[in-house]
1. Please give the per residue accessible area of the chain, computed with a probe of 1.4 Å over protein heavy atoms only, in Å².
2. For the chain, what mean projected area does the convex hull of the alpha carbons give, in nm²?
3. Using helices alone, I'd like the mean residue ellipticity at 222 nm for the chain: each DSSP H run of four-plus residues gives -39500 (n - 2.57), total over residue count, nearest 500.
Amino acid sequence: MIESIFLGMIGPWQIALLVFFFIIPLFALIDILRNEFTGNNKIIWVLFIRFIPLFGTLLYLIIGRKQRIS
């Protein structure tokens with residue numbers, strides 16, 4: 001009985017996975033879509049974050065934000 005109660009709970013590792021693979025990339029995608037980029041940079045960043053979420057997001061935050069048109 002007690003095991004059936006705990007099967008539906010989300011633990012800290014599941015929350016960390018959700019944050020790193022869904023929530024942070026979602027905010028990066030929103031930032032990309034709200035801003036202008038030169039050429040095809042917007043499409044490239046969206047695809048990069050979509051297919052490689054954690055690594056793509058980190059690269060976007062380090063490199064991509066500097067490529068935006070102000």
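1. Numbers: 5710 Å² over 70 residues.
Per-residue accessible area for the chain comes out at 82 Å².
2. On the way: hull surface 22.0 nm².
One quarter of the hull surface, i.e. the mean projection, equals 5.5 nm².
3. Values: 5 runs with 44 residues, N = 70.
The helix-only estimate for the chain comes to -17500 deg cm²/dmol at 222 nm.
The values are calculated or read from the model by the stated rules, or taken from the named source; none is laboratory data. Keep in mind that this is a model prediction, so the values were computed, not measured. These accessible areas exclude ligands, DNA and RNA; they are computed on the full protein's heavy atoms, side chains included. Shrake-Rupley method; radii C 1.70, N 1.55, O 1.52, S 1.80 Å.
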